[in-house]
Amino acid sequence: MEKLTPHNIMLMLLSLGILLGVARVLGEIAQKFRQPAVVGELLAGVLLGPTVLGSLAPGLSLFLFPQSGTNAIALDAISTLAIVLFLMVAGIEVDLSTIWKQGRVGLKVGITSIVIPFFFGFLIAWFIPQALGKEQDVTPLIFALFIATAMSISALPVIAKTLMDLDLYRSDLGMVVVSAAIFNDIVGWIVFAVVLGLIDGTSGEGANQIISTIVMTIAFAGFMFTAGRMLIHKMLPFVQAYTRWPGGELSFALILALFGASFTEWIGIHAIFGAFLVGAAIGDSSHLRERTRVTIDHFVSFIFAPVFFASIGLKVDFVTNFDFPLVLTVLMIVCTFKLIGGTIGAKWGKMSFRASWTVGFAMLSVGAMGIIVGLLALEAGIINHRLFVALVVVAIITSMISGPAMRLILKPAKAWRLEDALFSKLFIRELKSISRRDVIHEIVQVACKEFNLDLNEVDSLVWERESALSTGIGKGVALPHARVKDLAYPLVVVGISDTGIDFDSPDGRLANIIFLVITPRDTPDSQITILAQIARLFRNQAMHQSILQTKNFTDFLALIKSRSAGSKEDE
């Protein structure tokens with residue numbers, strides 16, 4: 001029986017340790033500069049692979065990261081496991097119910113942001129494939145379908161992180177973007193799974209195999225989104241009741257993801273598709289707490305994801321295969337049609353001019369998903385190394401420009417300030433309610449009574465938004481909100497609960513401080529600005545305790561004004 005020798009084991013652990021260490025360090029540095037961690041992780045592979053270390057010390061590079069043999073197979077196996085788990089996490093972030101709860105606007109953005117770039121990407125790849133570096137022996141249809149998919153897919157993890165960095169994740173605009181990205185991800189991966197199924201044959205027998213694979217892929221996706229989703233939803237309470245947290249839920253998710261991955265690999269579709277579908281089914285369950293989602297995400301994102309993205313740089317020489325005209329061509333196509341697609345969808349959903357362009361830039365990010373699609377296409381022989389390098393570069397660029405562009409567009413024309421929306425009559429020092437639904441009703445009643453608003457309408461709007469995605473942001477704070485017609489200016493009701501209320505926050509903490517933000521429907525930037533100001537205030541760990549120590553509105557307002565001035569200076 002063949003087995004790893006002591007030398008193989010030593011080399012595997014050494015190379016894995018170096019790869020993970022460099023990837024984590026560079027990933028942290030990238031985030032210090034407000035860039036996605038994947039940028040630093042990819043750079044780690046470029047430095048350790050044939051691009052840098054391979055040209056400076058080829059012997060050392062081949063010793064640490066051999067291109068063939070037992071250790072190459074071992075590293076490839078670990079990388080495969082890493083990407084399977086990463087796609088499981090991406091799936092868990094896909095809260096299917098968010099699409100329906102968000103309504104038609106998110107769905108419209110989702111449709112246009114994938115249909116428009118897919119359509120034009122297909123046309124360009126079909127009629128002028130040479131401009132995209134198509135190889136002669138690649139089937140034109142498969143190449144065109146791949147290009148269309150690569151141009152239209154979005155990176156949900158990067159989009160979500162960008163919204164969080166801008167303090168917009170739980171705003172109305174953030175919800176539109178997230179629901180659109182979820183729809184985009186699901187459709188994109190199903191289409192790409194079909195493309196992979198088309199690769200294996202053109203003969204009669206091959207055609208039958210293709211049809212069988214596609215049918216089983218669609219059937220498996222349908223099962224996971226219906227019966228599989230319901231079964232998981234029913235099983236989660238049992239897992240939570242009879243296992244220790246977080247090990248029980250983490251193991252449950254990993255086991256199901258591995259089963260799903262093995263099944264899709266068996267039917268002829270890459271394993272990551274099965275992991276993604278299982279993750280989506282798990283993430284849709286209301287029994288899965290936000291804190292558990294974060295724990296699973298951290299487990300995978302800090303260990304397995306850096307190994308996978310760093311390993312990409314070990315496969316390709318990014319200098320030798322860098323083709324500037326090709327990179328520019330792909331970048332122009334992606335930026336033009338993804339930006340148009342997202343913006344048109346937002347305008348179709350009757351969003352304002354500025355909000356529509358913000359959504360367009362938010363949907364621009366190709367990120368890690370585009371890199372993964374490109375790598376699978378490279379391994380399947382659909383594209384060459386030059387096009388793969390171009391796709392990686394474009395994925396990084398689009399992820400880097402998305403956030404700054406959104407920040408620039410959203411710079412408010414009017415300086416909406418949190419303190420201007422605070423009133424003594426809207427300050428509740430001791431909340432009576434103990435549940436999320438009751439506390440929202442309690443604070444809405446105060447606003448409606450003082451400013452003669454329709455209680456049923458405002459209460460319904462706030463709870464509808466809360467039901468779509470919890471507004472608990474962590475650190476003991478919740479931000480329920482709604483936009484109301486015929487409102488002259490923003491209002492903020494502040495309620496304090498010394499015992500705390502469960503708002504399903506990412507960190508699992510109860511919310512002691514609840515800000516109800518009610519803004520005019522025709523000034524969406526007022527909501528975005530005020531929510532972002534509140535989120536920035538609570539980046540200071542001491543802010544939560546300081547507010548709990550206030551005794552009245554005067555103390556509270558003085559604290560808010562002093563800390564707001566400090567946060568502006570920090571910016």
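The values are calculated or read from the model by the stated rules, or taken from the named source; none is laboratory data. Bear in mind the structure is a predicted one, so any value in this text is a computation, not a measurement. Counting neighbours? That spans all protein chains shown, and the Cβs are built from the backbone with ideal geometry, glycine included.
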Could you list all residues from the range 270-315 that are more than 14 Å from I372 (Cα to Cα) and outside any helix (DSSP H, G or I)?
D284, S285, S286, H287, L288, R289, L314
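May I ask you to verify whether E457 is among the acidic types (D, E) and within 29 Å of G508 (Cβ to Cβ)? If you could, list the steps in order and put the result at the bottom.
Working: among the acidic types (D, E): yes; within 29 Å of G508 (Cβ to Cβ): no.
No; evaluated as a whole, the condition is false for this residue.
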For S251, only one of the following conditions fails: (1) touching a helix residue (DSSP H, G or I) at 6+ places or on another chain (Cβ under 8 Å); (2) within 18 Å of R291 (Cβ to Cβ); (3) of a type in the set (S, T, Y). What is its number?
(1)
Single residue of A44, A23, A30, A74 found to be in the same structural domain as V307 (by TED's automatic domain parsing) and surrounded by 14 or more Cβ atoms within 10 Å (Cβ to Cβ)
A74
One residue from F65, F86 being under 20 Å from F309 (Cβ atoms), in contact with a helix residue (DSSP H, G or I) (Cβ under 9 Å, 6 or more places away or on another chain) and not assigned by TED's automatic domain parsing to the domain that holds G313:
F65
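Output the number of residues of the range 433-463 satisfying the condition of being touching a residue at least 24 places away in the same chain (Cβ under 8 Å) and either part of a helix (DSSP H, G or I) or crowded, with 20+ Cβ neighbours inside 10 Å (or both). It would help to see each step written out before you state the result.
Within the range 433-463, the first condition is being touching a residue at least 24 places away in the same chain (Cβ under 8 Å), and the residues that meet it are 433-437, 439-440, 442-444, 446-447, 450-451, 453, 457-458, 462-463.
When the remaining residues are screened for being either part of a helix (DSSP H, G or I) or crowded, with 20+ Cβ neighbours inside 10 Å (or both), the result is 436-437, 439-440, 442-444, 446-447, 450-451, 457-458, 462-463.
Count: 15.
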Which number in (1) touching a helix residue (DSSP H, G or I) at 6+ places or on another chain (Cβ under 8 Å); (2) in a helix (DSSP H, G or I) marks the one condition that P237 misses?
(1)
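Among the listed residues I382, I401, I409, which satisfies the condition of being farther than 21 Å from I528 by Cα and not charged (D, E, K, R)?
On the way: I401 fails: farther than 21 Å from I528 by Cα; I409 fails: farther than 21 Å from I528 by Cα.
Testing whether each residue is farther than 21 Å from I528 by Cα and not charged (D, E, K, R) leaves just I382.
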Let me spell it out: the conditions are (1) surrounded by fewer than 17 Cβ atoms within 10 Å (Cβ to Cβ); (2) at pLDDT 85 or above, and V215 meets all of them except one. Which number is the exception?
(2)
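Here is a yes/no grid of residues against (1) of a type outside the set (S, T, N, Q); (2) crowded, with 21+ Cβ neighbours inside 10 Å; (3) touching a residue at least 24 places away in the same chain (Cβ under 8 Å); (4) farther than 26 Å from I272 by Cα:
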| site | (1), (2), (3), (4) |
| --- | --- |
| K338 | yes, yes, yes, no |
| V359 | yes, yes, yes, yes |
| I371 | yes, yes, yes, no |
| E379 | yes, no, no, no |
| I383 | yes, yes, yes, no |
Residue satisfying all of: in the range 39-54; without any contact (Cβ under 8 Å) to a residue 40 or more places away in the chain and in a helix (DSSP H, G or I); farthest from I397 (Cα to Cα) among these
L53
Considering residues of the range 520-571 that are within 30 Å of S356 (Cα to Cα) and among the β-branched types (V, I, T) only, the residue modelled with the lowest pLDDT
T523
For the range 266-285, give me the residue count where each residue is surrounded by fewer than 20 Cβ atoms within 10 Å (Cβ to Cβ) and in contact (Cβ under 8 Å) with a residue 60 or more places away in the chain.
1
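Among A150, A144, A125, which is the only one that is under 24 Å from the mean Cα position of the chain (by Cα) and crowded, with 21+ Cβ neighbours inside 10 Å?
On the way: A144 fails: under 24 Å from the mean Cα position of the chain (by Cα); A125 fails: under 24 Å from the mean Cα position of the chain (by Cα).
Testing whether each residue is under 24 Å from the mean Cα position of the chain (by Cα) and crowded, with 21+ Cβ neighbours inside 10 Å leaves just A150.
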Looking at (1) under 28 Å from S285 (Cβ atoms); (2) without any contact (Cβ under 8 Å) to a residue 60 or more places away in the chain; (3) surrounded by fewer than 22 Cβ atoms within 10 Å (Cβ to Cβ), which one does T499 not meet, given that it meets all the others?
(2)
Could you tell me which numbered condition V517 fails, if it satisfies all but one of (1) within 17 Å of F427 (Cα to Cα); (2) assigned to a helix (DSSP H, G or I)?
(2)
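Does S68 satisfy being free of Cβ contacts under 8 Å to residues at least 40 places away in the same chain and outside any helix (DSSP H, G or I)?
Working: free of Cβ contacts under 8 Å to residues at least 40 places away in the same chain: yes; outside any helix (DSSP H, G or I): yes.
Here the answer is yes, as S68 does meet what is asked.
Inspect the range 405-420 for any residue being small (G, A, S), closer than 30 Å to V316 by Cβ and not in a strand (DSSP E or B) and give the result as yes or no.
Of the range 405-420, the ones small (G, A, S) are 405, 413, 415.
After this cut, where a residue has to be closer than 30 Å to V316 by Cβ as well, the list is 405.
This time we only want the ones that are not in a strand (DSSP E or B), so: 405.
Yes: the range 405-420 contains one or more residues that are small (G, A, S), closer than 30 Å to V316 by Cβ and not in a strand (DSSP E or B).
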Among (1) crowded, with 20+ Cβ neighbours inside 10 Å; (2) under 29 Å from M224 (Cβ atoms); (3) at pLDDT 90 or above, there is one condition V105 misses while meeting the rest; what is its number?
(3)
Given (1) at pLDDT 80 or above; (2) in contact with an Asp or Glu (Cβ under 8 Å, 6 or more places away or on another chain), identify the lone condition not met by A180.
(2)
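Does L326 satisfy the criteria of being in contact (Cβ under 8 Å) with a residue 12 or more places away in the chain, more than 14 Å from L42 (Cβ to Cβ) and in contact with a Lys or Arg (Cβ under 8 Å, 6 or more places away or on another chain)? Working first, answer last.
Details: in contact (Cβ under 8 Å) with a residue 12 or more places away in the chain: yes; more than 14 Å from L42 (Cβ to Cβ): yes; in contact with a Lys or Arg (Cβ under 8 Å, 6 or more places away or on another chain): yes.
Answer is yes for this residue.
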